[in-house]
Every structure is written in C-alpha cells, then in structure tokens.
Amino acid sequence: MKHIAIRMCAGCRGRFEKTSMMRVVRSPEGGAVYDPTMRVSGRGVYLCYNRKCVDIARKRHALERALKVAMTDSIWEELERALEKSTSDDAVVND
C-alpha cells in the first residue's frame, strides 16, 4: 500500500492530498517562491486550489506567519494565475 502525503491548507485549514494543493516555499535568500513542481527545498506552505482559501490566507497573513517572510504582490499574482490555470484545466477535463 502506497503512502499518501496529507497537508493542511493555510486558508481553510482542511487536510488534503499534497498533490492536489499549491505550494509556496521560503527561499534561502529570505523571500517566498511559488513552487509548482513541489520539489524546491525549504519550508513549504500549502493552499487549496480554491479562491476562498487564497483570499482567507491573504487576509489572515497565514503565509507570512508560517514562512516568517514578507509576501510580495508578485507571489499572490502567481498564485492567482495558478488558480485560474487549474480551474481552466478542470473545465477542459469536465467537458
């Protein structure tokens, strides 16, 4: 039986499979980086592919607290693009 990694969403605090979530990593330089490959080393925080979760995490400063770094607008824009891409991919699959 294969182990399934479970992670907590920083927005809704729900627990989901790691592969079904977005990851943001604290870089060694002290910034934050969106990690679509899930392979960048460092402390990571996960978010659901759900707009509400991203909005909640931004409002509560959940990523800043978890990573202990300041989040730039460019990181939030990358997350928004990833969220839009995932919803457009789901629409293509569901058609």
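What is the dipole size for the chain, taken about its Cα centre, with +1 at each Lys and Arg Cβ and -1 at each Asp and Glu Cβ, in debye to the nearest 20?
On the way: 18 positive and 13 negative charges, 134 e Å.
Charge dipole, the chain, about its Cα centre: 640 debye, nearest 20.
Once amide H atoms are placed 1.01 Å from N in the peptide plane, what residues at a sequence separation of 5 or more from A10, or on another chain, have their amide H within under 5 Å of its amide H?
The answer is Y46, L47, C48.
Please list, ordered by chain and number, the residues whose modelled amide H lies under 5 Å from the amide H of S27; skip anything fewer than 5 residues away on the same chain.
Under 5 Å from the amide H of S27: A32, V33.
Using 0.36 nm per residue of separation minus the Cα-Cα distance, give me the extension gain between R65 and I6 in nm, one decimal. Could the numbers behind the result be given before it?
On the way: separation 59, 0.36 × 59 = 21.24 nm, distance 2.05 nm.
Working it through step by step, the gained length comes to 19.2 nm.
In deg cm²/dmol and to the nearest 500, what is the mean residue ellipticity at 222 nm of the chain if only DSSP H runs of at least 4 residues count, each as -39500 (n - 2.57), divided by the residue total? Intermediate results must be reported in sequence, preceding the final value.
Numbers: 3 runs with 38 residues, N = 95.
Helix-only estimate at 222 nm: -12500 deg cm²/dmol.
Out of all DSSP beta bridges in region 6-94, what portion is antiparallel? Express it as a percent rounded to 5. List each step's numbers first, then the result.
Working: 11 of 12 bridges.
Rounded to the nearest five, the antiparallel share is 90 percent.
Run down the lysines and flag those whose C-alpha is under 23 Å from the C-alpha of K52, throwing out any fewer than 8 positions away in its chain.
Reachable lysines: K18, K68, K85.
Since every read-out is calculated from the coordinates, none of them should be taken as a lab result. Treat the numbers as computed from the prediction; the structure is a model and nothing was measured. Because the Cβ atoms are built from the backbone with ideal geometry, glycine has one as well, and the counts that use them run over all protein chains shown.
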